[in-house]
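Asker: Pasting a structure below so you can have a look.
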Amino acid sequence: MEFYFAPMEGLTDRIFRRLHSRYFPGIDRYYMPFYSPTMHRTLSAKESRELPPAAEDSLTAIPQILTRNPEDFLWAAAVCRDLGYPEVNLNVGCPSGTVVAKGKGSGMLRDLEELRRFLDQVFSAAPLPVSIKTRIGLESPSEFPGILSIYNEYPLALLIVHPRVRSQYYKGEVNRDSFAFAAASSRNPLCYNGDILCTRQITDFGRDFPEVPAIMIGRGLLANPGMLSGCQDAARIEAFMEELLEAYCSAFGSSRNAMFRMKEYWSYLRWSFPQDSKLFKQLRKTTDVSQFRQITRDIFRTLSFSPEQGEKTHPEW
């Protein structure tokens with residue numbers, strides 16, 4: 001089975017991917033947070049930093065594109081081809097209200113005939129293999145058979161299914177019945193994404209769906225960065241988090257902004273410390289970088305790092 005790191009906007013950027021792959025090998029592919037091409041057909045400075053020539057990084061990364069315009073998608077895919085990437089991923093899953101209102105992300109599932117027209121144009125001229133990351137519908141899982149029937153019309157490099165509807169965002173149970181339907185009915189290679197938070201769940205998934213060749217994990221790998229590396233050692237995770245903080249201090253030119261980025265990671269890493277502690281409240285509230293560093297050291301030295309319990313408790317951040 002292959003393992004992919006899910007794209008998470010504002011979290012799994014190039015700095016994070018590079019350091020994570022060095023500290024915790026075991027990820028076959030990192031899917032990049034989406035970028036949205038515009039009519040101007042240029043990359044911003046930030047997009048250029050996040051989308052360097054593929055050969056510059058030792059890991060395998062896959063760009064994700066968010067658009068409802070097939071011409072924009074094809075232009076962006078050609079850029080990715082020229083930069084040496086092996087595949088591009090179409091985002092049909094983002095549940096953000098502003099994204100959906102523009103008919104992008106999971107908003108593309110509102111009109112299946114329009115989705116078909118989009119895919120017709122893309123697959124008639126795509127310069128690279130195209131994968132899709134999708135939800136199972138906007139409001140109801142009953143929408144999924146019609147959605148899957150459209151995907152089955154095209155030679156997808158991979159179909160990544162997050163078995164929630166858009167209205168759930170990331171809450172509530174994933175719909176395993178819908179994924180089982182995909183496993184039985186998809187004509188394309190399949191990847192599962194959703195609520196894999198510990199190694200036991202990976203084992204259970206492999207038992208239930210032995211025919212599915214890949215799993216994509218997002219929040220679970222932020223809660224336990226070493227889940228797939230065989231290294232769930234608190235000292236190594238502490239070193240990783242410290243180097244990540246230093247890298248963001250350098251990149252942002254501001255230790256304060258770097259600290260706020262690190263707090264976003266801690267909102268997930270918190271799950272791997274199931275016990276209650278005032279340290280987490282202090283970490284969340286502090287605005288002093290030196291105090292932030294001291295609190296994180298206290299957490300790693302005084303609390304139990306127990307990631308395999310995290311899926312049961314999900315302590316509040």
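The values are calculated or read from the model by the stated rules, or taken from the named source; none is laboratory data. Worth saying up front: this structure is predicted, and the values here are computed from it rather than measured. Every residue, glycine as well, gets a Cβ built from its backbone with ideal geometry; the counts of neighbours run over all protein chains shown. Calculation scope for accessible area: heavy atoms of the full protein, side chains included, ligands and nucleic acids excluded. Shrake-Rupley method; radii C 1.70, N 1.55, O 1.52, S 1.80 Å.
Asker: Being among the small types (G, A, S) and either under 17 Å from the mean Cα position of the chain (by Cα) or open to solvent by less than 40 Å² (accessible area, probe 1.4 Å) (or both) is the filter here, so list the residues in the stretch 23-54 that pass it. Give the derivation first.
Answerer: Step one: of the stretch 23-54, the residues among the small types (G, A, S) are 26, 36, 44-45, 48, 54.
The answer is G26, S36, A54.
Asker: Another question, then. Going by the structure shown, is T199 among the hydroxyl-bearing types (S, T, Y) and modelled with pLDDT of 95 or more? First the steps, then the outcome.
Answerer: On the way: among the hydroxyl-bearing types (S, T, Y): yes; modelled with pLDDT of 95 or more: no.
Answer is no for this residue.
Asker: Then there's this: With the condition being in contact (Cβ under 8 Å) with a residue 40 or more places away in the chain, I'd like the strands (runs of 3 or more DSSP E) fully within the stretch 1-109 carrying at least 3 qualifying residues.
Answerer: Numbers: elements: 2-5, 29-31, 88-92.
Passing ranges, in order: 2-5, 88-92.
Asker: Next question, about the same structure. Of the residues that sit in the stretch 223-250 and are under 14 Å from R17 (Cα atoms) and part of a helix (DSSP H, G or I), which one is most open to solvent (accessible area, probe 1.4 Å)?
Answerer: Only one residue fits best here, namely E243.
Asker: Going by the conditions given, is A235 at pLDDT 95 or above and either acidic (D, E) or more than 20 Å from the chain's Cα centre (by Cα) (or both)?
Answerer: Numbers: at pLDDT 95 or above: no; either acidic (D, E) or more than 20 Å from the chain's Cα centre (by Cα) (or both): yes.
For A235, the condition - at pLDDT 95 or above and either acidic (D, E) or more than 20 Å from the chain's Cα centre (by Cα) (or both) - is not met.
Asker: Of the numbered conditions (1) in a loop (DSSP other than H, G, I, E, B); (2) farther than 28 Å from R176 by Cβ, E113 fails exactly one; give the number of that condition.
Answerer: Only one criterion is unmet by E113, namely (1).
Asker: Quick one: in the stretch 202-222, of everything that is assigned to a helix (DSSP H, G or I) and in contact with a strand residue (DSSP E or B) (Cβ under 9 Å, 6 or more places away or on another chain), which residue is nearest to W271 (Cα to Cα)? Lay out the reasoning, then the answer.
Answerer: Step one: list which residues in the stretch 202-222 are assigned to a helix (DSSP H, G or I), which gives 202-208, 219-222.
Filter again for in contact with a strand residue (DSSP E or B) (Cβ under 9 Å, 6 or more places away or on another chain), leaving 202, 205-206, 221.
Details: I202: 18, F205: 21, G206: 24, L221: 11 Å.
The qualifying residue nearest to W271 (Cα to Cα) is L221.
Asker: A further question on this structure: Suppose we keep only residues that are buried (at least 19 other Cβ atoms within 10 Å of the Cβ) and either in contact with a helix residue (DSSP H, G or I) (Cβ under 7 Å, 6 or more places away or on another chain) or at pLDDT below 95 (or both) within the stretch 69-89. Which one would you say is farthest from R135 (Cα to Cα)?
Answerer: The extreme case among them is Y85.
Asker: Please go through the stretch 265-300 and pick out each residue that is over 20 Å from P225 (Cα atoms) and β-branched (V, I, T).
Answerer: Passing the criteria: T286, T287, V289.
Asker: Looking at (1) free of Cβ contacts under 8 Å to residues at least 40 places away in the same chain; (2) open to solvent by 50 Å² or more (accessible area, probe 1.4 Å); (3) within 18 Å of the chain's Cα centre (by Cα), which is the only condition R187 fails?
Answerer: Exception for R187: condition (3).
Matching residues to (1) of a type in the set (S, T, N, Q); (2) more than 25 Å from R17 (Cα to Cα); (3) in contact with a strand residue (DSSP E or B) (Cβ under 7 Å, 6 or more places away or on another chain); (4) in contact (Cβ under 8 Å) with a residue 40 or more places away in the chain:
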| site | (1), (2), (3), (4) |
| --- | --- |
| N257 | yes, no, no, no |
| M262 | no, no, no, no |
| T286 | yes, yes, no, no |
| Q291 | yes, yes, no, no |
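Asker: Let me ask something else about it. Yes or no: the stretch 127-139 includes at least one residue that is in a helix (DSSP H, G or I), hydrophobic (A, V, I, L, M, F, W, C) and surrounded by 21 or more Cβ atoms within 10 Å (Cβ to Cβ). It would help to see each step written out before you state the result.
Answerer: We begin by selecting, within the stretch 127-139, every residue in a helix (DSSP H, G or I); these are none.
No, the stretch 127-139 has no match at all.
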